Amino acid sequence: MRRKLAAGNWKMNGTGAALAEITGLADMYPDPSVDILICPPATLLHRAAGAAQGSSVGIGGQDCHAASSGAHTGDLSADMLVDAGASAVILGHSERREDHDEGNEDVRAKARTAMDAGLTAIICVGESLAQREAANTLDIIGGQLSGSIPDQSTGQNLVVAYEPIWAIGTGKVPTLEQIGEVHDFIRARLERRFGEGVGRSVRLLYGGSVKPGNAADIFAVSNVDGALVGGASLKAQDFAGIIDALQGA
Ligand code: PEP
């Protein structure tokens, strides 16, 4: 059985005061039936891990470099994330792919390093609105999956997040049928490549304008094992609405 996962991506939001949201979540969920992960900005990682220590809340990074160390000003290695207390890292988010020109090969190299360091790689895939309107969604997702996911992937070190770019931060959400179609497709691709055992054990998250009000419907869709949440993960109270829906799914 795949344990469900509610993952929050704080992006470039939050200073020290935001740590109270993590302790708030930890207090609200002493023994949740789902995994809870918060990915704060790198400046907060160490303190966030301290705030979450001994609790049900895990801490993750939002990116890492493909190299394990070296002359890469401003970048962070996977080992540094582990050292700061992270157990996971988001890779290939569309904002990284767009703002930093990251391609599938870059994401795959980062994922390899992350997995070697013992992190769970949450690899994001998703189509643009133009790609969806041109009926290219599954082709795009298929290419991102085969290009971005390393061969060493397992149900423990890989999570795939389907995040249609046009749904991120926009309030627009695909229909439940559209979400189901893509998630079933991702599951089939993983099973084909890694075999049924591994393919069925990888958790698949949906991301893109998930809110407390729409979460229960999304979590009822086949092969949706949780969510990657941006805006609604910034406040413990909002994120709790999503966690509650996932626990009830
Ligand atoms: C995200 O950035 O991963 C995301 C899903 O954002 P939002 O929930 O704000 O749409």
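The values are calculated or read from the model by the stated rules, or taken from the named source; none is laboratory data. Here the structure is a predicted model, which is why all the values come from computation and not from measurement. We place every Cβ from the backbone using ideal geometry, glycine too, and count neighbours over all the protein chains shown. Quick note on the areas: whole protein, heavy atoms, side chains included, nothing else; ligands and nucleic acids left out. Shrake-Rupley method; radii C 1.70, N 1.55, O 1.52, S 1.80 Å.
Quick check on Arg193: is it more than 16 Å from the ligand (Cβ to nearest atom) and surrounded by 17 or more Cβ atoms within 10 Å (Cβ to Cβ)?
Criteria not met by Arg193.
All but one of (1) open to solvent by less than 10 Å² (accessible area, probe 1.4 Å); (2) more than 15 Å from the chain's Cα centre (by Cα); (3) on the phi > 0 side of the Ramachandran plot hold for Ala135, so report the exception by its number.
(1)
Name the residue that is nearest to Thr23 (Cα to Cα), counting only residues in the stretch 60-69 that are polar (S, T, N, Q) and in contact (Cβ under 8 Å) with a residue 24 or more places away in the chain.
Here the answer is Gln62.
Which of the residues that make up the stretch 70-84 are in a loop (DSSP other than H, G, I, E, B), of a type in the set (Gly, Ala, Ser) and either touching a residue at least 24 places away in the same chain (Cβ under 8 Å) or within 15 Å of Ala111 (Cα to Cα) (or both)?
Scanning the stretch 70-84 gives a single hit, Ser77.
When the stretch 225-249 is examined, which residues are found to be more than 11 Å from the ligand (Cβ to nearest atom) and buried (at least 21 other Cβ atoms within 10 Å of the Cβ)?
Asp225, Gly226, Ala236, Ile243, Ala245, Leu246
Which count do you get for residues in the stretch 75-99 that are under 15 Å from Ile165 (Cβ atoms) and either touching a Ser or Thr at 6+ places or on another chain (Cβ under 7 Å) or open to solvent by 50 Å² or more (accessible area, probe 1.4 Å) (or both)?
5
Looking only at the stretch 190-213, count how many residues are of a type outside the set (Ser, Thr, Tyr) and in a helix (DSSP H, G or I).
Number of matching residues: 13.
Do any residues in the stretch 37-59 that are open to solvent by 40 Å² or more (accessible area, probe 1.4 Å) have Cβ atoms under 6 Å from those of residues that are at pLDDT 95 or above and assigned to a loop (DSSP other than H, G, I, E, B), where the two are at least six apart or on different chains, and which pairs are they?
Final answer for the pair search is Ala42/Leu76.
Within the group Ser209, Ser222, which residue is open to solvent by 10 Å² or more (accessible area, probe 1.4 Å) and within 13 Å of the ligand (Cβ to nearest atom)?
Ser209
Please go through the stretch 163-189 and give me each residue that is in a loop (DSSP other than H, G, I, E, B) and away from the ligand (no atom under 15 Å from the Cβ), ordered by number.
Selection gives Thr175 alone.
Could you tell me whether any residue of the stretch 161-176 is open to solvent by 10 Å² or more (accessible area, probe 1.4 Å), touching a strand residue (DSSP E or B) at 6+ places or on another chain (Cβ under 8 Å), at pLDDT 95 or above and hydrophobic (A, V, I, L, M, F, W, C)?
Yes, the stretch 161-176 contains a residue that is open to solvent by 10 Å² or more (accessible area, probe 1.4 Å), touching a strand residue (DSSP E or B) at 6+ places or on another chain (Cβ under 8 Å), at pLDDT 95 or above and hydrophobic (A, V, I, L, M, F, W, C).
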